[in-house]
1. Quick check on my filter: what residues within the stretch 1-32 are closer than 16 Å to K75 by Cα and modelled with pLDDT under 85?
2. Which one of the conditions (1) loosely packed, with under 14 Cβ neighbours inside 10 Å; (2) under 30 Å from D124 (Cα atoms); (3) under 15 Å from the mean Cα position of the chain (by Cα) does T18 fail to meet, given that it meets all the rest?
3. Looking at the structure I just gave you, is D21 part of a loop (DSSP other than H, G, I, E, B), over 20 Å from L60 (Cβ atoms) and touching a residue at least 12 places away in the same chain (Cβ under 8 Å)?
4. When you look at Y87, is it part of a strand (DSSP E or B) and over 17 Å from the mean Cα position of the chain (by Cα), yes or no?
5. Mind checking which residues of the stretch 6-15 are surrounded by fewer than 17 Cβ atoms within 10 Å (Cβ to Cβ) and either outside any strand (DSSP E or B) or charged (D, E, K, R) (or both)?
6. Mind checking which residues of the stretch 34-57 are buried (at least 16 other Cβ atoms within 10 Å of the Cβ) and either within 13 Å of the chain's Cα centre (by Cα) or more than 16 Å from Y71 (Cα to Cα) (or both)?
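The values are calculated or read from the model by the stated rules, or taken from the named source; none is laboratory data. Everything numeric in this text was worked out from a predicted model, so none of it was measured. Because the Cβ atoms are built from the backbone with ideal geometry, glycine has one as well, and the counts that use them run over all protein chains shown.
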Amino acid sequence: MIAVKLAYDGRGFFGSQTQKDKITVEGELRSFFNARILSRTDRGVSALGNVVFVEEDINLREYSFDRIWLYGKAKSWKKPFKKKYSYFLSKTFDIDMIKEACRLISGKHDFFNFCKKDRTKTVDYTKKIEVKPFV
């Protein structure tokens, strides 16, 4: 995977993410290569440092867009969506409230309903959430 940094003039776009029958930043990029945009902007909003992930390595100079500028890339050494995160909290947090929140989200959950309705590309949207003490 390659992370590509880009900027765009949002005028004329219906936001950054793909929408059916609308001109979007992601839609324009996908007409040339398989790109997934990492953050959203609304209709007409511009960006100076947005990032998209591209499955294959691309030569940035090969692509020309009217209002999108590709200006940097970096290879991903592992899939960023499989990364494990750890958070360190200060002592001012209510630990009992945190324990209750952890109890509520722990376990195996299916996030299918939070995904696009395109059922032709269905994959396992089930994630296991574990909460472990840090000692």
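1. Answer for the stretch 1-32, where residues must be closer than 16 Å to K75 by Cα and modelled with pLDDT under 85: M1, I2, A3.
2. (1)
3. So D21 fails the test.
4. It is false that Y87 is part of a strand (DSSP E or B) and over 17 Å from the mean Cα position of the chain (by Cα).
5. Hits for the stretch 6-15 are D9, R11, G12.
6. A35, R36, I37, T41, N50, V51, V52, F53, V54, listed by residue number.
Here is a yes/no grid of residues against (1) at pLDDT 80 or above; (2) within 23 Å of the chain's Cα centre (by Cα):
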| position | (1), (2) |
| --- | --- |
| R67 | no, yes |
| A74 | no, yes |
| K78 | no, yes |
| F81 | no, yes |
| T92 | no, no |
| L104 | yes, no |
| G107 | yes, no |
